[in-house]
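Trainee: Just passing along the structure, written as structure tokens.
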């Protein structure tokens with residue numbers, strides 16, 4: 001059995017357009033989250049399906065191939081355009097091999113009592129089946145789920161609220177929290193959404209953590225960013241680094257802080273290029289990195305943590 005952090009979800013080919021130009025790059029929510037977690041932990045595993053046509057297979061070399069399946073179906077593809085306010089519009093979404101991510105793919109037999117499993121955005125009925133399987137076979141495993149605003153409609157709302165009540169961490173942004181509960185205010189949404197630990201991300205403001213009715217606002221630790229290049233996957237990066245930090249420390253406040261820092265670093269390059277060779281020995285080293293920013297620019301300080 002493996003005491004690790006497992007990420008389930010899409011690995012994709014992304015065509016991204018924003019104010020800085022266009023780029024074809026590896027993507028997918030699970031891949032962003034797993035690479036972010038890798039900046040803090042070694043035992044990080046990716047559970048996904050990619051097509052034989054996937055052009056970025058070398059990116060997957062940092063993960064065990066044991067849980068990554070190669071399919072004859074075409075790879076998942078997203079075509080995303082951002083406006084000046086970094087609001088995303090999906091011009092095209094072809095799920096291809098990603099549709100083959102199912103409960104049958106989940107290696108529950110290898111999960112240890114100390115394992116954590118994060119399910120990145122997939123269709124809510126599939127997520128529910130995966131959650132139910134893990135709860136039945138390995139009830140001691142901690143489960144985290146985050147979703148996407150595009151899935152929050154119709155009967156999916158009921159399915160997602162049921163999922164939230166079953167998992168250890170349910171992570172959404174403020175717009176998703178209100179959409180899930182049909183609430184006009186975030187305060188109302190916080191009362192209506194039930195989860196062991198509900199995390200509502202607030203962008204630059206930080207995050208609200210509601211654990212068993214104890215609600216805390218954790219301000220984001222903002223770091224100086226010379227230039228925002230690409231925000232694709234910033235929320236998934238937040239999730240991955242938050243869970244890695246929590247697995248290391250069990251401290252929610254430190255984990256939110258670390259998540260905001262690593263997500264900010266990600267946004268300074270296309271895709272997750274700024275994270276691939278980044279390695280912190282632990283949560284405290286992330287804090288030291290931020291302190292060190294006062295002594296020089298981001299690029300100067302970040303070189304201290306390149307493998």
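Bear in mind that the values in this text are calculations on the coordinates, not laboratory data. Source: prediction; values computed, not measured. Every residue, glycine as well, gets a Cβ built from its backbone with ideal geometry; the counts of neighbours run over all protein chains shown.
Trainee: Any chance you could count how many residues in the range 55-75 are more than 20 Å from residue 6 (Cα to Cα) and in contact with a strand residue (DSSP E or B) (Cβ under 6 Å, 6 or more places away or on another chain)?
Mentor: Adding up the residues that qualify gives 5.
Trainee: Looking at (1) buried (at least 16 other Cβ atoms within 10 Å of the Cβ); (2) over 20 Å from the mean Cα position of the chain (by Cα); (3) within 22 Å of residue 243 (Cβ to Cβ), find the lone condition where residue 54 falls short.
Mentor: It fails just one condition, (3).
Trainee: OK, next. Conditions first: (1) in contact with a strand residue (DSSP E or B) (Cβ under 8 Å, 6 or more places away or on another chain); (2) touching a residue at least 40 places away in the same chain (Cβ under 8 Å); (3) surrounded by fewer than 22 Cβ atoms within 10 Å (Cβ to Cβ). Residue 117 passes all but one, so which condition is the exception?
Mentor: For residue 117, the exception is condition (3).
Trainee: Could you go through the range 66-79 and let me know if any residue there is in contact (Cβ under 8 Å) with a residue 40 or more places away in the chain and within 16 Å of residue 273 (Cβ to Cβ).
Mentor: no
Trainee: In the range 1-22, which residue that is out of contact with any strand residue (DSSP E or B) (no Cβ under 7 Å at 6 or more places or on another chain) and part of a loop (DSSP other than H, G, I, E, B) is nearest to residue 273 (Cα to Cα)?
Mentor: Out of the qualifying residues, it is 20.
Trainee: Report yes if residue 208 is touching a strand residue (DSSP E or B) at 6+ places or on another chain (Cβ under 6 Å) and farther than 28 Å from residue 16 by Cα, otherwise no.
Mentor: Considered against the rule, which asks whether it is touching a strand residue (DSSP E or B) at 6+ places or on another chain (Cβ under 6 Å) and farther than 28 Å from residue 16 by Cα, residue 208 comes out as yes.
Trainee: Please state which one of 112, 72 is under 25 Å from residue 41 (Cα atoms), exposed (fewer than 14 other Cβ atoms within 10 Å of the Cβ) and more than 17 Å from the chain's Cα centre (by Cα).
Mentor: Answer to the selection: 112.
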